[in-house]
Amino acid sequence: QVQLVESGGGLVQLGGSLRLSCAASGRTFSIYHMGWYRQAPGKQRELVATITSGGITNYADSVKGRFTISRDNAKDTWNLQMNSLQPEDTAVYYCTAVEYGPYTHWGHGTQVTVSS
């Protein structure tokens, strides 16, 4: 089993920055793919960014150039640095981890609200 806990969400003004963190525990040795998704009110959950254990990243077009995903394999954490935040970035952000199987695990989510 893998458990995920997000932190770092909150309220930020237009153009501001936030850093989200995801801490994994449990069977972390089998995780090979990590990421962040988000879900805004009334919308479907969507991919934000992903990173493999080898460091290969992928971003949604809407966040390219503004968000950066990174990971610390030794600490079993991965982060999402969010800059130039816009109101449309307001959502609940979920971290994910995929372990060999494959099995996908989700965190409980952290709220990000961008005020204009």
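The values are calculated or read from the model by the stated rules, or taken from the named source; none is laboratory data. Please read all numbers here as calculations on a predicted model, not as lab measurements. When we count neighbours, we look across all protein chains shown, and the Cβ atoms used for this are built from the backbone with ideal geometry, even at glycine. Protein only, heavy atoms only, side chains kept; ligands, DNA and RNA dropped before computing areas. Shrake-Rupley method; radii C 1.70, N 1.55, O 1.52, S 1.80 Å.
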I need the full set of residues from the stretch 61-76 which are at pLDDT 95 or above and open to solvent by 20 Å² or more (accessible area, probe 1.4 Å), in order please. Asp61, Ser62, Lys64, Gly65, Arg66, Thr68, Ser70
Do you know which of the residues in the stretch 78-115 that are open to solvent by 20 Å² or more (accessible area, probe 1.4 Å), more than 11 Å from the chain's Cα centre (by Cα) and small (Gly, Ala, Ser) is nearest to Gly15 (Cα to Cα)? Ser84
Which pairs have Cβ atoms under 7 Å, sit 6 or more apart or on different chains, and link a residue in the stretch 6-17 that is among the aromatic types (Phe, Trp, Tyr) to one that is surrounded by fewer than 16 Cβ atoms within 10 Å (Cβ to Cβ)? none
Checking Ser70, Ser62, Ser25, Ser21 in turn, the sole residue that is out of contact with any Phe, Trp or Tyr (no Cβ under 9 Å at 6 or more places or on another chain) and either in a strand (DSSP E or B) or among the aromatic types (Phe, Trp, Tyr) (or both) turns out to be Ser25
Out of all the residues in the stretch 4-18, which are on the phi < 0 side of the Ramachandran plot and assigned to a strand (DSSP E or B)? Leu4, Val5, Glu6, Ser7, Leu11, Val12, Gln13, Leu18
Which residues, taken from the stretch 27-73, are of a type in the set (Val, Ile, Thr) and under 15 Å from Ala97 (Cα atoms)? Thr28, Ile31, Val48, Thr50, Ile51, Thr52, Ile56, Thr57, Ile69
Under 6 Å between Cβ atoms, which residue pairs at least 6 apart in sequence (or on different chains) link something in the stretch 79-104 that is more than 18 Å from Ile51 (Cβ to Cβ) and in a helix (DSSP H, G or I) with a partner that is of a type outside the set (D, E, K, R) and open to solvent by 60 Å² or more (accessible area, probe 1.4 Å)? Pro87/Ser116
I'd like the full set of residues that are small (Gly, Ala, Ser), touching a residue at least 60 places away in the same chain (Cβ under 8 Å) and closer than 15 Å to Lys75 by Cα, limited to the stretch 18-54. Ala24, Ser30
In the stretch 15-56, what count of residues is obtained for those that are open to solvent by less than 40 Å² (accessible area, probe 1.4 Å) and over 16 Å from Gln3 (Cα atoms)? 11
For the stretch 92-112, does any single residue satisfy the condition of being among the small types (Gly, Ala, Ser) and farther than 28 Å from Arg27 by Cα? no
